[in-house]
1. Run down the lysines and flag those whose C-alpha is under 26 Å from the C-alpha of K182, throwing out any fewer than 8 positions away in its chain.
2. Under a point spin-label approximation (7 Å from Cα along Cα-to-Cβ), what is the K96-S149 distance to one decimal in nm?
3. Of T26, T49, T220, which is the most mobile in a GNM of the chain whose springs link Cα atoms less than 10 angstrom apart?
4. For every helix of n ≥ 4 consecutive DSSP H residues, a contribution of -39,500 (n - 2.57) applies; sum these over the chain, divide by its total residues, and give [θ] at 222 nm rounded to the nearest 500 deg cm²/dmol.
5. Quick one: length gained pulling N241 to K44 fully straight, 0.36 nm per residue minus the C-alpha distance?
6. Bin all alpha-carbon pair distances of the range 132-180 at 5 Å intervals from 0 and give each bin's fraction as a whole percent.
7. Say each of E34 and E18 gets a label point 7 Å from the Cα, pointing the same way as Cα to Cβ; how far apart are those two points in nm?
8. How about the range 105-164: which trypsin sites (Lys or Arg not before Pro) there lie in a loop by DSSP and see at most 12 other Cβ atoms within 10 Å?
Amino acid sequence: VGINFNAYEDIPVEASGENIPPPVNTFADIDLGEGLNENIKRCKFVKPTPIQRHAIPIAVAGRDLMACAQTGSGKTAAFCFPIICGILRGHLSHTKSVSMHRGAPVAYPLALILSPTRELSCQIHEEAKKFAYKTGIKVVVVYGGAPISHQFHNMERGVDILVATPGRLVDMIERARVSLRKIKYLALDEADRMLDMGFEPQIRKIVEQMDMPAPGTRQTMLLSATFPDEIQRLASDFLSNYIFLSVGRVGS
Ligand code: ADP
Ligand code: MG
């Protein structure tokens, strides 16, 4: 596993949009904060991959992002680093991430990462925990096909970044155990696969929840290996004044 950097050196990255923050050559070129920098070293990430070089400065600047890149290009860190950096810069512990409502705990995560399957969600959870190690940021994963009570229990101990599959999250929202009212960061990973698996209605419902009471306070990152019409539609519906990145050859 890991990235073959020799094979990646020459891969072109195309960027379009307004006022694009320039790419960086090293992680140190962006002020990611001490905690995250330590964790990057601990993970032995020596230098950013092409998607990371472009995506991280864009997302750290607070811009919405649509990124198309193949599997193995390093997308997880590309969206996790800006989320962690953003939370550390301002949003952590401004309120408790769990409050009681009518005798039941309700979780109020600051960031939501949606992914199509249990396996992918667990992988993202594992990576995000390494990136957030000792920062005080709590990362929790929820997915279908496993007892919901365990997952409620995990959330009750606090959740800043929630990694979820769409179906299970909708279930939890309907049971009023998760509120998306405080979400500042939304990442939709493997968006093309989520659509292939029929999750568009759930995803739209989730984003609708986030836009209540007022839209426009969240930063959204949409990640996909391909860029078909349906993904372009999601991008225009969910993102605002976004930057489009594509790495290498991208199918549609
Ligand atoms: P993608 O989501 O694009 O398929 P991942 O984010 O899962 O790719 O990354 C693939 C692998 O490369 C993971 O094992 C990850 O830990 C590793 N990786 C990501 N970025 C770097 C980096 N900058 N340096 C070294 N390894 C990295
Ligand atoms: Mg991935």
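The values are calculated or read from the model by the stated rules, or taken from the named source; none is laboratory data. All of these numbers come straight from a predicted model, not from anything done at the bench. Methodologically, a virtual Cβ is constructed for each residue, glycine included, from the backbone with ideal geometry; neighbour enumeration extends over all protein chains shown. Just so you know, the surface numbers come from the protein's heavy atoms only, side chains and all, with ligands and any DNA or RNA stripped out. Shrake-Rupley method; radii C 1.70, N 1.55, O 1.52, S 1.80 Å.
1. Here the lysines satisfying the reach criterion relative to K182 are K75, K96, K129, K130, K134, K138, K205.
2. It is 2.3 nm.
3. Fluctuation is largest for T26.
4. Rounded to the nearest 500, it is -11000 deg cm²/dmol.
5. Values: separation 197, 0.36 × 197 = 70.92 nm, distance 3.39 nm.
Result: 67.5 nm gained on full extension.
6. Reading the bins upward from 0: 4, 21, 35, 24, 9, 6, 1.
7. Spacing of the two 7 Å Cα→Cβ label points: 3.8 nm.
8. Values: sites: R118, K129, K130, K134, K138, R157; in loops: K134, K138, R157.
Those that pass, being in a loop and sparsely packed, are K134, R157.
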